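Quick notes on the structure that follows.
The values are calculated or read from the model by the stated rules, or taken from the named source; none is laboratory data. Please read these numbers as outputs of a predicted model, since none were measured by experiment. When we count neighbours, we look across all protein chains shown, and the Cβ atoms used for this are built from the backbone with ideal geometry, even at glycine. Just the protein is used for accessible areas: all its heavy atoms, side chains included, with ligands, DNA and RNA removed. Shrake-Rupley method; radii C 1.70, N 1.55, O 1.52, S 1.80 Å.
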Amino acid sequence: MNEEMMDKNCGCGPWRGKRWYLLPLIPIAAVFVFGAITMLLWNCVMPDVFKLGTLTYWQAIELLILSKIFFGIGGFRKRGCGCRRDQRSYGKAWKEKWMGMSEEERAKFKEEWKSRCC
């Protein structure tokens, strides 16, 4: 069992023997691919529809960077927000609050929400 534990913790994971140092190149390659797609789409659609000029490859990449700055579409999501987890704990808090209410408090609460909803 000790040997099994050592095998798991030795750093020999799914990237063992692979070129993991190439991973940072993936986002850079994605920028260049999306730049080409943006250029092609712009040059096919925008000059005909809006009477705009065509884009060069580097202008398309600059447009992608500018749109990322302005709109912030995509990118990394904040980990740990755990929306579903927060909703579950929020539901548990309400359930505990509900269970701690007396019958009169529950009736008052129901009446208040009926007047708000209807």
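Results, tabulated for the structure shown:
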read-out: Residues of segment 54-96 classified as at pLDDT 60 or above, within 22 Å of the chain's Cα centre (by Cα) and charged (D, E, K, R), total; value: 2
read-out: Residue match in segment 30-41 (condition: open to solvent by 80 Å² or more (accessible area, probe 1.4 Å) and modelled with pLDDT under 55); value: no
read-out: Inter-residue pairs, beta-carbon under 6 Å, first of a type in the set (Val, Ile, Thr) and in segment 33-50, second open to solvent by less than 90 Å² (accessible area, probe 1.4 Å) and part of a helix (DSSP H, G or I), 6+ apart; value: Thr38/Ala60; Thr38/Leu64
